[in-house]
1. If you take the residues of region 241-259 that are in contact with a strand residue (DSSP E or B) (Cβ under 6 Å, 6 or more places away or on another chain), outside any loop (DSSP other than H, G, I, E, B) and not aliphatic (A, V, I, L, M), which of them is surrounded by the fewest Cβ atoms within 10 Å (Cβ to Cβ)?
2. Answer with yes or no whether residue 285 is within 16 Å of the ligand (Cβ to nearest atom), more than 27 Å from residue 197 (Cα to Cα) and in contact with a strand residue (DSSP E or B) (Cβ under 7 Å, 6 or more places away or on another chain).
3. Being crowded, with 16+ Cβ neighbours inside 10 Å and closer than 15 Å to residue 218 by Cβ is the filter here, so list the residues in region 260-280 that pass it.
4. Can you run down the residue pairs with Cβ atoms below 6 Å, 6 or more apart or on separate chains, where the first is in region 260-287 and under 29 Å from residue 238 (Cα atoms) and assigned to a strand (DSSP E or B) and the partner is within 12 Å of the ligand (Cβ to nearest atom) and of a type in the set (Val, Ile, Thr)?
5. Failed condition for residue 171, given (1) farther than 23 Å from residue 228 by Cβ; (2) in contact (Cβ under 8 Å) with a residue 24 or more places away in the chain; (3) away from the ligand (no atom under 11 Å from the Cβ), with all others met?
6. So which residues in region 105-143 are within 14 Å of the ligand (Cβ to nearest atom), hydrophobic (A, V, I, L, M, F, W, C) and farther than 24 Å from residue 318 by Cα, if there are any at all?
7. Being at pLDDT below 95, among the small types (Gly, Ala, Ser) and within 16 Å of the ligand (Cβ to nearest atom) narrows it down to one residue among 244, 209; which is it?
8. When residue 298 is evaluated against the numbered criteria (1) within 15 Å of the ligand (Cβ to nearest atom); (2) loosely packed, with under 14 Cβ neighbours inside 10 Å, which criterion, by number, is the only one it fails?
Amino acid sequence: MKEFDVIIVGGGLVGASLALALSGSRHRVALLEAAAPPSGAPSWDERCIALNAASQAIFSALGAWEELAPAAEPIRSTHISERGRFGVARFTAEEAGLPALGYNIPVRQLGTVLWRRAQGTNTTLLCPTRLSRLQLQGDGVELELEGGERLSAKLVVAADGAHSAVRTMLGIGHDSRDYEQSAIVTAVRVSRPHQGCAYERFTPDGPIALLPKPDGACSLVWTVPARQVDGMLACSDEAFLAQAQDTFGERLGRFVTLGRRNAHPLSRVMSERLTVPRVLFAGNAAQSLHPVAAQGFNLGLRDVAAVAEALEAAVDPGAAALLRDYEAARQADRERVSQFTDRLVRSFSNRLPGFSALRHLGLLALDLTPPLKQAVMWQNLGYGHAPRMAREGQP
Ligand SMILES: Cc1cc2nc3c(=O)[nH]c(=O)nc-3n(C[C@H](O)[C@H](O)[C@H](O)COP(=O)(O)OP(=O)(O)OC[C@H]3O[C@@H](n4cnc5c(N)ncnc54)[C@H](O)[C@@H]3O)c2cc1C
């Protein structure tokens, strides 16, 4: 049986970030991933991901930002509006006292850099291989891989996604809500320069977001009712572009060309536990959110920073006190972000006229009330309840 101090199950963006964060630590670490990177893992699709300022600070602290920066487009402002209403809320990097509110980066590039960096360290990479069995022992965990190989660890970090196998093997429940929506993700070329602005426009069917890409194009994330998805994937590029243009409007000029379309069904999955003896949950395995506020990975990366900080001085990485501290450190951030995201989805998809007027007032208030604006901006930058690593560079 191979012995490790920490075994990370799942090498998606969160597991790979944690492997990087723990490389060079005193602990013997293994990373277990079912898919063969760089092409196979579910995280490594054609999407872009909006990293907030706290995530950028974490990647800087991990020494990876320099390599990521050329692939990332700075988001210098955001513009939030509702279709059919005049009110808008705007946030700028200048107001926040930062060079950028965040950075939009292709997932594939982010994943490739994380794995390449993890490969050059003392972390043992077990990939592609799948966890098939896991058993808690008094002072550790025994794991079995698909081929029958057995491993042991003092701590298991479950970073195996929304449908976490570790969670199922341990019989831990989850709370799940199907939004009956899918996000269609693609890229569009537009006729006006994006100038680093990220747009989100709410409609009763779901938000449409355009985020600036480094190549001058925009990544498009369009949330639509599940029943419309097949038709929107099957229609011609011209028909899709015309529909997207009609929903988004003319702020970026004409929609000219379209990239490949992919659909992601949307649900919220919250694990009932963040820890059990010798195991902790991080990233989507702990909480998987609707992408409306672009917070899922940002939140998961703060889980990573919290685990890395907790393990820094630990003799026994699976000690009960360490798990208690992790849970205490992450609970408030997790609840705040997941509730904010869920409320946003439900409030903007409510078609009652009274609700629509309230939303309108809400957007106006957000733009016109500096303390409220500051509070929302701070939360979206990732600084509320953030681990130490995330606060470096905070103005
Ligand atoms: C349309 C869309 C847009 C988004 N945009 C943003 C954004 O702009 N900003 C943001 O912060 N977040 C965003 N998110 C959320 C973000 O994508 C996720 O939070 C993040 O990718 C989760 O990463 P993860 O590593 O926790 O999970 P996953 O990506 O699901 O990775 C889990 C890994 O575990 C592996 N695995 C599973 N089971 C096993 C097993 N038994 N053995 C071994 N390995 C296993 C899988 O192969 C996989 O690689 C978006 C999500 C969507 C759907």
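The values are calculated or read from the model by the stated rules, or taken from the named source; none is laboratory data. Remember, it's a predicted structure, so these values are computed and weren't measured experimentally. Glycine gets a Cβ as well: all are built from the backbone with ideal geometry, and neighbour counts include every protein chain shown.
1. 257
2. In short, yes.
3. Within region 260-280, 261 is the sole residue that qualifies.
4. 262/185; 263/184
5. Every condition holds for residue 171 apart from (2).
6. Across region 105-143, the qualifying residues are 105, 107, 110, 114, 115.
7. Working: 244 fails: at pLDDT below 95.
One residue alone meets the criteria, 209.
8. (2)
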